[in-house]
1. Scan region 235-249 for residues that are open to solvent by less than 50 Å² (accessible area, probe 1.4 Å) and under 16 Å from ARG286 (Cβ atoms) and jot them down.
2. For region 342-374, which positions are closer than 16 Å to ALA400 by Cα and surrounded by fewer than 20 Cβ atoms within 10 Å (Cβ to Cβ)?
3. Among residues belonging to region 65-82 that are among the polar types (S, T, N, Q) and within 19 Å of GLY10 (Cα to Cα), point out the one that is nearest to the ligand (Cβ to nearest atom).
4. Among the listed residues LEU228, LEU260, which satisfies the condition of being more than 16 Å from the ligand (Cβ to nearest atom), farther than 30 Å from ASP20 by Cβ and open to solvent by less than 20 Å² (accessible area, probe 1.4 Å)?
5. Name the residues in region 1-32 that are among the β-branched types (Val, Ile, Thr) and either part of a helix (DSSP H, G or I) or surrounded by 10 or more Cβ atoms within 10 Å (Cβ to Cβ) (or both), would you?
6. Which of the residues spanning region 321-333 are in contact (Cβ under 8 Å) with a residue 40 or more places away in the chain and either open to solvent by less than 70 Å² (accessible area, probe 1.4 Å) or acidic (Asp, Glu) (or both)?
7. When both residues are 6+ apart or on different chains and their Cβ atoms are under 6 Å apart, which pairs have a first residue that lies in region 254-277 and is closer than 17 Å to PRO225 by Cα, and a second that is among the polar types (S, T, N, Q) and open to solvent by 20 Å² or more (accessible area, probe 1.4 Å)?
8. Which condition number does SER166 fail, the rest of (1) away from the ligand (no atom under 16 Å from the Cβ); (2) in contact (Cβ under 8 Å) with a residue 60 or more places away in the chain being met?
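The values are calculated or read from the model by the stated rules, or taken from the named source; none is laboratory data. Bear in mind the structure is a predicted one, so any value in this text is a computation, not a measurement. Don't worry about glycine lacking a Cβ; one is built from the backbone with ideal geometry, like all the others, and counts go over all protein chains shown. Heads up: the accessible areas ignore ligands, DNA and RNA and are worked out on the full protein's heavy atoms, side chains in. Shrake-Rupley method; radii C 1.70, N 1.55, O 1.52, S 1.80 Å.
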Amino acid sequence: MSRRTEPMPGTTDLFAPDTDLWRFIEARAHEVFGLYGYGELRTPIFERTDVFLHSIGDDTDIVQKEMYTFEDRGGRSLTLRPEGTAGVLRAVANAGIGQGEERRVYYLGPMFRGERPAAGRRRQFHQIGVENIGRVAPAIDVECIAMMRHFFAAVGLEGGRLLINSRGVAEDRQLISSALREYFAPRIEAMCEDCQRRLKVNVARILDCKQPSCRTVIEAAPAIPELLGENSRAFFSEVCDGLAALDIEFEVDPRLIRGLDYYVHTVWELAYEGIGAQNSIAGGGRYEICPPGFKEPVPGVGFALGVERLLLALEDARALPSFDTGIDVYLVSLGSEAMHANQRLASALRACGCRVLMDLEGRGMKAQLRQANRLEARFALIRGGDELARGIVVCRDMRAATQEEMAADAATTEMAVRLDHG
Ligand code: HAM
């Protein structure tokens, strides 16, 4: 492997059968989200930078350190999407959404963050996300979390810890900030440089710091739910009651604020132990985002999961599905006339759904059978001049290592029946 052919750090080439796994996971997303009336939305991979700047939050790690931002030839500042929600809100606003209307959309695709690559932390990673846009009710948040659980069950992943919290609304922020400032100010010397800056500009952001030395201070900080006003408290307890009513297990993490600043009210994360330090498989919450040019923020709730982390968790739980990647039939041809006849047979077999490969280079019989073996073909159908003259093919069962003759014009039906493609 030469360094010049390796993908950039934090990015990956995906070959089959890994791509089969990805398609399996994506198929479950289409199925499950469809059951809740969500439709797929595909937004561009890059957007004008301002789509992300203010919605994600100027003081977040994503905006401060991680965005892939560049100028195009026209001097416009563009950014590779670091997450899906901001672009989805822009797209929905652009398509038009009236006051009080609801939009249910989901998306799948690559996101980009310039983070230090590690297990479960990629620079190009893939999210599957869902957004319920336009309406505000605790039961919508509950349905969204239930749908997330439904999706994980559908891909075969049980367990994990669901952590939830509330960030309150704008009116609660004053009280939350001053309580946090009062707590952190005398302790800030022992904290990292970022936290020292956050104390001045956006104190709640400190709660999201991942530095181990800061974590010990953060763990004793005031609990946010206790600082909420009456309305936010009621909203949060309706969400908790709604989850309990659906028997969805959760833990309140009173210092969870998540890495994005658009959240209001409910926030949650699904943490899965056993996949290393990056153990958050999915995260989401309720938000208010003001798309560029909009005067009023648009409300919504949603979540996104990281496909790479989900795969790590499935692997850890030994729940990775396996796929039959072998081929069904390998056609062995001796001579160009047989090759032509086999090309026609290959078409007929493929039309019945059989996976068929054949030699196209006129190699010898031994080499062709070796290839059939290597490809784990279930059957080899062999013919040369003699078989052509007699209107037959020799069918070799590659597992049983037995051989029989079969009428050439019955071969397609016979194979389809034996392979259950009939
Ligand atoms: P997030 O927590 O930043 O939320 O990302 C969601 C998920 O994406 C994470 O739980 C993780 O599985 C995956 N992820 C994030 N960064 C990386 C990375 N560098 N490498 C691998 N996987 C990663 C959001 O992005 C919000 N937009 C979620 C949301 C939707 N909130 C409301 N609606």
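1. Start the filter on region 235-249 by keeping residues that are open to solvent by less than 50 Å² (accessible area, probe 1.4 Å), which leaves 235-236, 239-240, 242-243, 248.
PHE235, PHE236, VAL239, CYS240, GLY242, LEU243 - these are the residues of region 235-249 that are open to solvent by less than 50 Å² (accessible area, probe 1.4 Å) and under 16 Å from ARG286 (Cβ atoms).
2. Step one: filter region 342-374 for residues closer than 16 Å to ALA400 by Cα, giving 369-370, 372-374.
Hits for region 342-374 are LEU369, ARG370, ASN373, ARG374.
3. Applying the first criterion (among the polar types (S, T, N, Q)) to region 65-82 yields 69, 77, 79.
Right, trim to within 19 Å of GLY10 (Cα to Cα) and you get 69, 79.
Values: THR69: 16, THR79: 14 Å.
Result: THR79.
4. Numbers: LEU260 fails: more than 16 Å from the ligand (Cβ to nearest atom).
Within the list LEU228, LEU260, the selection yields LEU228.
5. Within region 1-32, the first condition is being among the β-branched types (Val, Ile, Thr), and the residues that meet it are 5, 11-12, 19, 25, 32.
Answer for region 1-32, where residues must be among the β-branched types (Val, Ile, Thr) and either part of a helix (DSSP H, G or I) or surrounded by 10 or more Cβ atoms within 10 Å (Cβ to Cβ) (or both): THR11, THR12, THR19, ILE25, VAL32.
6. Across region 321-333, the qualifying residues are PRO321, GLY326, ILE327, ASP328, VAL329, TYR330, LEU331, VAL332, SER333.
7. GLU269/SER280
8. Exception for SER166: condition (1).
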